[in-house]
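The values are calculated or read from the model by the stated rules, or taken from the named source; none is laboratory data. In this text, all values refer to a predicted model and were calculated from it rather than measured experimentally. Note: ideal-geometry Cβ built from the backbone for every residue, glycine included; neighbour counts use all protein chains shown.
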């Protein structure tokens, strides 16, 4: 009984993947263009995947330096008290519903700065998404640095290295597998995140059918368009979902491989 | 020099996060009142109160937790106490780990395809509840298995020595010992369900009438906040709604970490 339940749960991964592929089947041949403009009947899944990778990449560029900075502060400089408080704060941030961040970002940044520039919207999206994945980078980064033997630090300092030299030449390179894992997991969270991009990326892009197609990630396209989609449009959305599923699973698998030394 | 730079980064993060939460609570809490919480919604939620929204939240989140706990704990118990150490069990573990990495919007898409269209439940409380339960499964399984793992082996051996069957050992010896850890995991899942909007947007619909049955559409708090934002509603109303949501999530989170801290002592 317990075993059947467990196996059923594990089979869910396959079930979800097969369901998406099944739903996507009417559109299998028509989906490979670099153009996603439903109003024109163009359903190029690579355009959405490109949007996802671009948005997540921007978020990583924001979160990586800040997150590793916080991780270094936690492991190298913060006393136990500050360490505890900062970790707790990161936990609260990690538990913050993303719709709250997206909603405030929309009111204070996107709307406040006007509606003209798609580039500006994109930068705002990078920043908000970076904030969302910051706890992942910082906490996993800190635990990677903490896992290093204390002798590394002490040895480097004893040899006359400054703190910065020890960090830069020894600690960061030694912890690179763990830091890479943290980056991958954060990237995986960023490509899967929906609410922030749904609120900050252009919602009315279908009306821009004849201009440049706006950047649109898979997640917000699914959330926005599924309710009104029919036929090949819906199939294409499921196809994009299948690709996103594959990407997330791949990212997780690589990250786990780096987790086991 | 380095110390100064890193301290500045840490302070920046503290400022942004503290500012975010402070802003929501300071600007939002004054707008939270009895009538906001208890009266019916009017004009797409731009006026009136949150009663239908809170009802849907309680039903969907509560239902998801009721569904996920028995299934999740069964799987956790099997993995931790019954599963033989073998390669295929390792594969099963890996698949469940993989489930944890699937984005919530894809759970929403799957729930839409299977429950709403396939089983004909439409956009409804029932669909959203089942979808959230699937989304929470890996979390409940992993925290449950972890809680059972930390129970010392003496308890297992002692119970077996007294002639208890394997199930009796689990039921009367291990579950009570692991209870705080299990409850912490369920609370974390509860917090996640409260804040989830992507999966809910695809499965619950968006009605603001007071729900009468599980097959009615509904709009829980997080999804409502999204709708208010894209409607460009009165900012004070958005703040108040965000404050209710953040307040609930914080209460759940603080309870979980308080329990977790007690556990470590």
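Output the number of the condition that residue B:41 fails; it satisfies all remaining conditions of (1) crowded, with 19+ Cβ neighbours inside 10 Å; (2) out of contact with any strand residue (DSSP E or B) (no Cβ under 7 Å at 6 or more places or on another chain).
(2)
Can you tell me which residue among B:106, B:95 is modelled with pLDDT of 95 or more, in a helix (DSSP H, G or I) and within 14 Å of chain A (Cβ to nearest Cβ)?
When all the criteria are applied, what remains is B:106.
Which residue is modelled with the highest pLDDT, if the candidates are limited to region B:209-227 and must be within 22 Å of the chain's Cα centre (by Cα) and outside any helix (DSSP H, G or I)?
B:220
I'd like to know if region B:110-133 contains one or more residues that are outside any loop (DSSP other than H, G, I, E, B), closer than 20 Å to residue A:255 by Cβ and either away from chain A (no Cβ under 11 Å) or in contact (Cβ under 8 Å) with a residue 40 or more places away in the chain (or both).
Filtering region B:110-133 down to residues outside any loop (DSSP other than H, G, I, E, B) leaves B:110-118, B:125-133.
Next cut, closer than 20 Å to residue A:255 by Cβ only: none.
The answer is no, given that none of the residues of region B:110-133 is outside any loop (DSSP other than H, G, I, E, B), closer than 20 Å to residue A:255 by Cβ and either away from chain A (no Cβ under 11 Å) or in contact (Cβ under 8 Å) with a residue 40 or more places away in the chain (or both).
Tell me, yes or no, whether region B:204-214 has at least one residue that is over 26 Å from residue B:68 (Cβ atoms), surrounded by 20 or more Cβ atoms within 10 Å (Cβ to Cβ) and in contact with a strand residue (DSSP E or B) (Cβ under 6 Å, 6 or more places away or on another chain).
The answer is yes, given that some residue of region B:204-214 is over 26 Å from residue B:68 (Cβ atoms), surrounded by 20 or more Cβ atoms within 10 Å (Cβ to Cβ) and in contact with a strand residue (DSSP E or B) (Cβ under 6 Å, 6 or more places away or on another chain).
If you go through region A:147-162 one residue at a time, how many are at negative phi and either touching a helix residue (DSSP H, G or I) at 6+ places or on another chain (Cβ under 9 Å) or not in a helix (DSSP H, G or I) (or both)? Spell out the reasoning first.
First, the residues of region A:147-162 that are at negative phi: A:147-159, A:161-162.
From what's left, either touching a helix residue (DSSP H, G or I) at 6+ places or on another chain (Cβ under 9 Å) or not in a helix (DSSP H, G or I) (or both): A:147-149, A:152-153, A:155-157, A:159, A:161-162.
Residues flagged as at negative phi and either touching a helix residue (DSSP H, G or I) at 6+ places or on another chain (Cβ under 9 Å) or not in a helix (DSSP H, G or I) (or both) within region A:147-162 amount to 11.
Can you name the residue in region A:163-173 that is out of contact with any helix residue (DSSP H, G or I) (no Cβ under 6 Å at 6 or more places or on another chain), over 30 Å from residue B:18 (Cβ atoms) and more than 12 Å from every other protein chain (Cβ to nearest Cβ) and, of all such residues, is surrounded by the most Cβ atoms within 10 Å (Cβ to Cβ)?
In this case the residue turns out to be A:169.
Being more than 15 Å from the chain's Cα centre (by Cα), more than 9 Å from chain A (Cβ to nearest Cβ) and modelled with pLDDT of 90 or more is true for just one of B:69, B:53. Which residue is that? Can you show your working first?
Details: B:69 fails: more than 15 Å from the chain's Cα centre (by Cα).
Selected residue: B:53, the only one of B:69, B:53 that is more than 15 Å from the chain's Cα centre (by Cα), more than 9 Å from chain A (Cβ to nearest Cβ) and modelled with pLDDT of 90 or more.
Within region B:164-171, does at least one residue satisfy the condition of being within 10 Å of another protein chain (Cβ to nearest Cβ) and surrounded by fewer than 16 Cβ atoms within 10 Å (Cβ to Cβ)?
Looking through region B:164-171, at least one residue is within 10 Å of another protein chain (Cβ to nearest Cβ) and surrounded by fewer than 16 Cβ atoms within 10 Å (Cβ to Cβ).
Being surrounded by fewer than 18 Cβ atoms within 10 Å (Cβ to Cβ) and in a helix (DSSP H, G or I) narrows it down to one residue among B:230, B:238; which is it? Let's see the steps before the verdict.
Working: B:238 fails: surrounded by fewer than 18 Cβ atoms within 10 Å (Cβ to Cβ).
Matching residue, one of B:230, B:238: B:230.
In region A:68-95, what residues are within 22 Å of residue B:22 (Cα to Cα) and either in contact with a helix residue (DSSP H, G or I) (Cβ under 7 Å, 6 or more places away or on another chain) or in contact (Cβ under 8 Å) with a residue 12 or more places away in the chain (or both)?
Selection gives A:70, A:83, A:86, A:87, A:89, A:90, A:91, A:92, A:93, A:94, A:95.
Among the residues that make up region A:42-58, is at least one of them within 12 Å of another protein chain (Cβ to nearest Cβ), under 24 Å from the mean Cα position of the chain (by Cα) and in a helix (DSSP H, G or I)?
yes
Looking at region A:179-229, which of its residues are at pLDDT 90 or above and away from every other protein chain (no Cβ under 11 Å)?
Once the filter is applied, which keeps residues that are at pLDDT 90 or above and away from every other protein chain (no Cβ under 11 Å), region A:179-229 yields A:179, A:180, A:181, A:182, A:183, A:186, A:187.
Hey, can you tell me all the residues within region B:73-88 that are crowded, with 17+ Cβ neighbours inside 10 Å and more than 8 Å from every other protein chain (Cβ to nearest Cβ)?
B:73, B:76, B:80, B:81
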